[in-house]
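Peer 1: Would you mind keeping the following structure in view while I ask a few things?
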Amino acid sequence: MEFTEEKIGFIGGGNMARAIGETLMQKGIFKPKNVWVSAKTEKTLAYWKNLGANTTFNNGEIFDNCDIVFLAVKPQYLEEAIMTTVTQFFFTGTVISVIVGVTIEKLEKLLMNTLRLGSFPNFSVFRTMPNTPLFVGEGITVYSASKDNSCKETKDIVEQIFSKIGMIEEVDESLIDSIGALSGSGPAYAYQMIEALADGGVKKGIPRALAMKLAAQVFVGAGKMVLETGKHPGQLKDEVCSPGGSTIAGIHAMELGGVRASLINAVEAAANRSKELGS
Ligand SMILES: NC(=O)c1ccc[n+]([C@@H]2O[C@H](COP(=O)([O-])OP(=O)(O)OC[C@H]3O[C@@H](n4cnc5c(N)ncnc54)[C@H](OP(=O)(O)O)[C@@H]3O)[C@@H](O)[C@H]2O)c1
């Protein structure tokens, strides 16, 4: 699918809007003249204006001008953002939320109560969980559609957009909070691990810049090994641990530090927090 004429808009022009919108523009998927962004501050709008996008403080203009509208504000600002939106026309396009913890049911109620929306199935609401590696074309996004609007054509729009900047999977909405805690927050956990791995190298005399490059590429390579070989990570680990060798000594040290338990706890804590934020 080519998006030659479609107009894409973002309510909220922060990190996630940039990860999606800016990357789509950089890759030439959407022309800047077909991208609209609203935000709270002049600084954010100036950033987008500089990229050639259309900008506005008026969220209604986004709905009035765009076929595909992303909701990309923090969860606590969603109600304010939608309640203060005044549109001129009936909206019959696709709404894609990236907001953590806010259900499709809540989104639909909010949108139908406040906007001049076309009735089902004339507009569609999708809930997604992207992550910031979209910036470098290596994101992974999951999405859910409400049962009423899961028509193939609108699903294709969501899949086509996200597949141009990473991987995309449809999931049951009940899994989205947990997935956010894994792949949405996961880059932050990985950055911590990359930094710590590099610190270990620096402690053993490796220059900082080289240590960082080595550590980051280890994560890129290990991730690709899991995805491309289809082997279980436990098997891949076994394949690099020779008996009595140095790597198994390193693995033992990690086990003593509780790295695996920490990661399991991290996903659980983030999932619980995102439920709190959405309610
Ligand atoms: N960051 C991630 O890794 C990640 C991953 C998955 C999902 N998400 C979700 O993505 C959403 C956005 O996160 P983010 O990191 O992009 O946040 P962010 O950088 O703080 O961006 C939020 C944007 O919303 C704008 N905004 C606030 N109130 C508004 C209003 N009433 N009308 C229009 N725009 C308004 C802000 O404008 P100003 O810039 O002018 O203040 C800002 O541009 C969140 O709901 C988060 O849960 C984020």
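The values are calculated or read from the model by the stated rules, or taken from the named source; none is laboratory data. Remember, predicted model here, so these are calculated numbers, not experimental data. Virtual Cβ from ideal backbone geometry, glycine too; neighbours counted across all protein chains shown.
Peer 1: Condition first: closer than 26 Å to Val171 by Cα and surrounded by fewer than 14 Cβ atoms within 10 Å (Cβ to Cβ). Now tell me which residues in the stretch 76-91 satisfy that.
Peer 2: Across the stretch 76-91, the qualifying residues are Gln76, Tyr77.
Peer 1: Still on this structure: Before we move on, is Thr44 under 23 Å from Pro187 (Cβ atoms) and over 17 Å from the mean Cα position of the chain (by Cα)? Break it down into steps so the answer makes sense when it comes.
Peer 2: Values: under 23 Å from Pro187 (Cβ atoms): yes; over 17 Å from the mean Cα position of the chain (by Cα): yes.
For Thr44, the condition - under 23 Å from Pro187 (Cβ atoms) and over 17 Å from the mean Cα position of the chain (by Cα) - is met.
Peer 1: From the set of residues in the stretch 47-106 that are of a type in the set (Phe, Trp, Tyr) and closer than 30 Å to Ala269 by Cβ, which is nearest to the ligand (Cβ to nearest atom)?
Peer 2: Here the answer is Tyr77.
Peer 1: If you don't mind, there's one more thing I want to ask. Condition first: at pLDDT 95 or above and within 20 Å of the chain's Cα centre (by Cα). Can you find one or more residues in the stretch 79-97 that meet it?
Peer 2: Within the stretch 79-97 (the criterion being at pLDDT 95 or above and within 20 Å of the chain's Cα centre (by Cα)), the answer is yes, since at least one residue qualifies.
Peer 1: In the stretch 151-176, what count of residues is obtained for those that are modelled with pLDDT under 90 and either in contact with a Phe, Trp or Tyr (Cβ under 9 Å, 6 or more places away or on another chain) or within 16 Å of the ligand (Cβ to nearest atom) (or both)?
Peer 2: Qualifying residue count for the region: 2.
Peer 1: Could you list, in sequence order, all residues of the stretch 22-46 that are of a type outside the set (Val, Ile, Thr), out of contact with any helix residue (DSSP H, G or I) (no Cβ under 8 Å at 6 or more places or on another chain) and either more than 9 Å from the ligand (Cβ to nearest atom) or without any contact (Cβ under 8 Å) to a residue 12 or more places away in the chain (or both)?
Peer 2: Within the stretch 22-46, Gln26, Lys27, Gly28, Lys33, Asn34, Glu42, Lys43, Ala46 meet the criteria.
Peer 1: Checking the structure you have, find out if any residue of the stretch 186-193 is in contact (Cβ under 8 Å) with a residue 24 or more places away in the chain, closer than 21 Å to Phe123 by Cα and touching a helix residue (DSSP H, G or I) at 6+ places or on another chain (Cβ under 7 Å).
Peer 2: So far as the stretch 186-193 goes, no, none of its residues is in contact (Cβ under 8 Å) with a residue 24 or more places away in the chain, closer than 21 Å to Phe123 by Cα and touching a helix residue (DSSP H, G or I) at 6+ places or on another chain (Cβ under 7 Å).
Peer 1: It is to be established whether one or more residues within the stretch 180-196 are part of a helix (DSSP H, G or I), in contact with a Lys or Arg (Cβ under 8 Å, 6 or more places away or on another chain), away from the ligand (no atom under 16 Å from the Cβ) and not acidic (Asp, Glu).
Peer 2: no
Peer 1: Cβ-Cβ distance below 7 Å, separation of 6 or more or different chains: which pairs start in the stretch 157-172 with a residue that is farther than 26 Å from Glu5 by Cβ and end on one that is part of a helix (DSSP H, G or I)?
Peer 2: Val171/Ile179
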